[in-house]
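Reading through the structure tokens given below for one structure.
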Amino acid sequence: MDRLEQIFQWQAGFDADLIKRRQLEDITFEEWIQKETLALMSELAELLDEVNFKWWKNPKPVDREAVKEELVDILHFFVSMCLKAGITPQELFEAYHRKNQENRHRQDGTSLKAGYTSPPAVDD
């Protein structure tokens with residue numbers, strides 16, 4: 001089993017236990033995605049707090065471990081949404097690969113999608 005599959009398996013087990021313990025069996029797919037998107041947004045805000053986005057405050061040293069913890073929290077909710085949407089680790093991998101390739105084409109100006117012409121080269 002690869003690492004992404006393991007993460008999906010751990011998250012599936014956690015979600016099943018959470019749903020049972022908290023009696024959340026009646027929540028619809030749509031509601032789950034809404035709730036987990038909000039939770040994900042909350043975790044993103046916590047990540048922002050860790051990297052001094054508040055320009056009006058004195059910056060503090062960035063704690064790499066705290067950043068890592070917030071990123072893991074984000075991954076938890078993201079994987080949970082994938083599971084609820086029926087997306088497998090393989091499907092996610094393939095979709096990511098396709099999108100990564102398209103993003104590369106957009107940046108090098110070879111995308112067929114409008115609005116992504118390559119910027120001119122910068123002279124040194």
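The values are calculated or read from the model by the stated rules, or taken from the named source; none is laboratory data. These figures come from a predicted structure and were not determined experimentally. Ideal geometry is used to build each Cβ from the backbone, glycine not excepted, and the neighbour counts take in all protein chains shown.
Scanning region 41-87 for residues that are loosely packed, with under 14 Cβ neighbours inside 10 Å and either in contact (Cβ under 8 Å) with a residue 60 or more places away in the chain or among the aromatic types (Phe, Trp, Tyr) (or both) yields 53, 55, 56. For region 15-33, enumerate the residues that are over 16 Å from residue 86 (Cα atoms) and either part of a loop (DSSP other than H, G, I, E, B) or not basic (Lys, Arg) (or both). Scanning region 15-33 gives 17, 18, 19, 22, 23, 24, 25, 26. Among the residues of region 47-92, the one identified as at pLDDT 95 or above, over 25 Å from residue 31 (Cα atoms) and among the aromatic types (Phe, Trp, Tyr) is 56.
Kindly check whether there is at least one residue in region 83-95 that is in a loop (DSSP other than H, G, I, E, B), out of contact with any helix residue (DSSP H, G or I) (no Cβ under 9 Å at 6 or more places or on another chain) and farther than 18 Å from residue 9 by Cβ. Looking for residues that are in a loop (DSSP other than H, G, I, E, B), out of contact with any helix residue (DSSP H, G or I) (no Cβ under 9 Å at 6 or more places or on another chain) and farther than 18 Å from residue 9 by Cβ, one finds none in region 83-95, hence no.
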